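Presented below is the structure to which this report refers.
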Amino acid sequence: MNGHQKSWPIILVITILSAPLVLAYAYLFVDTITNSPPGSVVPHEFTLEHWSFLWQTRPGRLSIWRVTLNSLLFATTSAALVVVVSSMAGYVLSRLNVPGRSFFLAGVMLLHAFPAITLIVAIFIVLQMVGLYNSLIGVILVKAAIDMPLGIWLMKGFYDTVPWEIEMAGIQDGASRFTVWRKLVLPQVRPGIFALALFAFLLAWGEFILPQVLAPSGNAQVLSVYLASLIADDNNFDMALFKSVGLFYIAPVLVLFFVFQNYLMNIYGGGTKG
Amino acid sequence: MDASRDKTGLPPASGGAGRAPARRRLGLLDSSRGLGVLLLLPALVLVILFFLMPVVLTGVFAFTNMSTATGISGGAHQVSPGSLRVLTERYGMGELAERLGQPTYLVDERGLAALEETGIAPGIVASLRRGHLDESFASRREFERAIRALPDRPDTRTVKRISDAFSRSLANARFTDAGALVAAAEAIDPDLTPEEKDALASATYTGWSWTTDNFRRLTSSRDTTRVFFNTLFFVAMTLVFFNIGYAMFLAIATHYMPERPAGIFRIVWFLPRISPVVIYVLLWKWVAWDTGFLNAVLSDFGVRPRNWMLDSATQAWFFVIMINGFVGASMGMLIFASAIKAIPETHFHAASVDGAYRWQQVRHIILPQLKWPILFVTCYQTLSLLTSIEQTLLATDGGPGGATEVWSLWIYHTALNNYAGNLQYGYGAAMALVLVVIGIVLSLIYLRLFNYNALITRPRIEL
């Protein structure tokens, strides 16, 4: 772009503005393996004591591994649900001639824009009525349903880029519409499916308010709720412990994000909530 | 059909699981319409269960007084001091309430039969029948004195068992339905009028009932105005300063930078969005905490340590808006950046030749091109900020003293989690209904504005 030679003032300004953010994330790493004297931010000794939560379970709390397993289960299952349902419905909206297609498409857009979190009071009561309160199944279903409109919309976009000729050829050769979808079109959108799966996984992994409200205690606790309850406990204030659990929790997110950045940026650019 | 399918030279199926149903439902799967309905079905089920039904139910629950106290399933009938007070005050049946509230002990055949079954000495039962049949006592003490006076001289445990068997008091008794309650009341007072029965049944009901009080409360409460203006302030400030303003600055600034640093800064400003919200807010707490980063740095300058996030309402707002704004800025940044990228290079070159300064380029070339992206981000973020709850909940929890309580957080505190422990589901649903209606209206406008119907292409294979 033009004017590169004069870009340093802008870089300076944005560096100063970004510094607190970078510093905060840098200290997320530093503070978990060091101790600092009180009233200072410069560490003076190396330690691993803050990571003892990995092998010591505190009384009255679930083991970190159990909680991690719950989080994994929650994130993978809801991502799988989103992918399966969206890759089916997205194809219909992209290609098939169903009655009321444009109505469905508008509906998906509406649902995507609609803030589903406002329904949480009703969902909370219903889950209590049907006995799915405080269970992983309930939260998984709710999370998958809330992320689904975005999934359908993305999958429709991916299907739209598949050339019609592929399907035409398949149909001319006598394959059913189902076979064409299953064996010709699905392989074409595999990168899209992968991106959506990754994205839905990260969304569920970071989700806090749904498990906090719908499955706050008992054996269904996930990492976000576990960490929030640690922080909320005024009797055991230990910032280094919070950060260690936090780093343990955020590490997979950072790794996945940096490895698959290019996949994810497209989706984030398409407009997600925040 | 089946035979010809083998000749199509299709790539091998990755799973092959779909083949069996494909053969069975060939007719359905072969037509665009049949397959379409089939593939849409799971999505439809989820939409009905988790969108349509909750929307309707939010409206339904908003007209009830459901709370932790009433429970969410049907209630029971309990004669408590509270329900007797209701009977006195609301129905003017103080006399009835007094009669029901008094413990009564009635020696009758029913009680005697029950006593015999518990395996008590037959002599006691016989002497009770002989001496006290059809006699009633107004208090436990009086009755137990009479039992002790029996020739058999029962021990204290037996006395208690006997008096329990003849207790006909309704105080604190619990009945699963109105019929059982009325029957029990008639055992004490056989001449209840139908009005008295109805009043008793409704005064002792512990379950939820239909009401419009939630809306009356919502429109008359002073909290409503306060929370409403809090929400307005929060959405407007975050939107203007961060989701649009700062996002625009980031997009334009990275545009005028070499590719490499631009990419780095975009990733840095993306961290708040990809980080799980609990950790992201934890980092802010670490910055603001009494023994946190800010205090450690400022103590060298002699600033008194404090919790910067909760010290005053102004500071709390400052942090709440920043915490939410940093997350929102990344979305605007991406959308604006890609819109700027779409502006033809020649526009910039022409401007450079004309000697336009960078600020003029921004004003006359970039900003006019961003009209639609800005509208898009504004619409989108207004909705998501209106309903944003996680960041504020974790950061200030509405504090200090309710200063940063916004509408969605208010719902949470009313219906889902509070210190008092009495969750008012019905009232919370009424509050949520307001947001649901706003959400539906705004997303309809949003749909209209960006005309998504234009994106639909007609299917080219009509089967």
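Values as computed for the structure displayed
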item	result
Selection within segment B:238-260 - crowded, with 17+ Cβ neighbours inside 10 Å and free of Cβ contacts under 8 Å to residues at least 60 places away in the same chain	B:249, B:253, B:257
Tally, over segment B:61-97, of residues that are away from every other protein chain (no Cβ under 14 Å), under 12 Å from residue B:205 (Cβ atoms) and either without any contact (Cβ under 8 Å) to a residue 12 or more places away in the chain or hydroxyl-bearing (Ser, Thr, Tyr) (or both)	3
Some residue of segment A:13-32 being surrounded by 15 or more Cβ atoms within 10 Å (Cβ to Cβ) and in contact with a Ser or Thr (Cβ under 7 Å, 6 or more places away or on another chain)	yes
Verdict on residue B:430 being more than 8 Å from chain A (Cβ to nearest Cβ), assigned to a loop (DSSP other than H, G, I, E, B) and within 24 Å of residue B:229 (Cα to Cα)	no
Restricting segment B:304-342 to residues that are away from chain A (no Cβ under 12 Å) and aliphatic (A, V, I, L, M), the residue that is nearest to residue A:240 (Cα to Cα)	B:309
Restricting segment A:210-221 to residues that are buried (at least 20 other Cβ atoms within 10 Å of the Cβ) and in contact with a Leu (Cβ under 8 Å, 6 or more places away or on another chain), the residue that is farthest from the other protein chains (Cβ to nearest Cβ)	A:220
Odd one out for residue A:234, checked against (1) in a loop (DSSP other than H, G, I, E, B); (2) over 20 Å from residue B:39 (Cβ atoms); (3) at pLDDT 85 or above; (4) not basic (Lys, Arg)	(3)
Selected residue (only one of B:290, B:300, B:223 is assigned by TED's automatic domain parsing to the domain that holds residue B:326 and closer than 30 Å to residue B:432 by Cα)	B:223
Selection status of residue A:71, within 13 Å of another protein chain (Cβ to nearest Cβ), in contact with a Ser or Thr (Cβ under 8 Å, 6 or more places away or on another chain) and closer than 27 Å to residue A:208 by Cα	yes
Conditions (1) touching a Leu at 6+ places or on another chain (Cβ under 9 Å); (2) under 30 Å from residue B:99 (Cβ atoms): number failed by residue B:247	(2)
Unique residue being of a type in the set (Val, Ile, Thr), buried (at least 16 other Cβ atoms within 10 Å of the Cβ), within 9 Å of another protein chain (Cβ to nearest Cβ) and assigned to a helix (DSSP H, G or I) when the list is B:227, B:281, B:235	B:281
Failed item, numbered, when residue B:50 is tested on (1) farther than 30 Å from residue B:212 by Cβ; (2) outside any loop (DSSP other than H, G, I, E, B); (3) among the hydrophobic types (A, V, I, L, M, F, W, C); (4) without any contact (Cβ under 8 Å) to a residue 60 or more places away in the chain	(1)
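Conditions tested, residue by residue: (1) β-branched (Val, Ile, Thr); (2) surrounded by 22 or more Cβ atoms within 10 Å (Cβ to Cβ); (3) within 11 Å of another protein chain (Cβ to nearest Cβ).
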{"site": "A:154", "(1), (2), (3)": "no, yes, no"}
{"site": "A:161", "(1), (2), (3)": "yes, no, no"}
{"site": "A:165", "(1), (2), (3)": "no, no, yes"}
{"site": "A:171", "(1), (2), (3)": "yes, no, yes"}
{"site": "A:187", "(1), (2), (3)": "no, no, yes"}
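The values are calculated or read from the model by the stated rules, or taken from the named source; none is laboratory data. Worth saying up front: this structure is predicted, and the values here are computed from it rather than measured. As a convention, Cβ positions derive from the backbone with ideal geometry for all residues, glycine included, and neighbour counts pool all protein chains shown.
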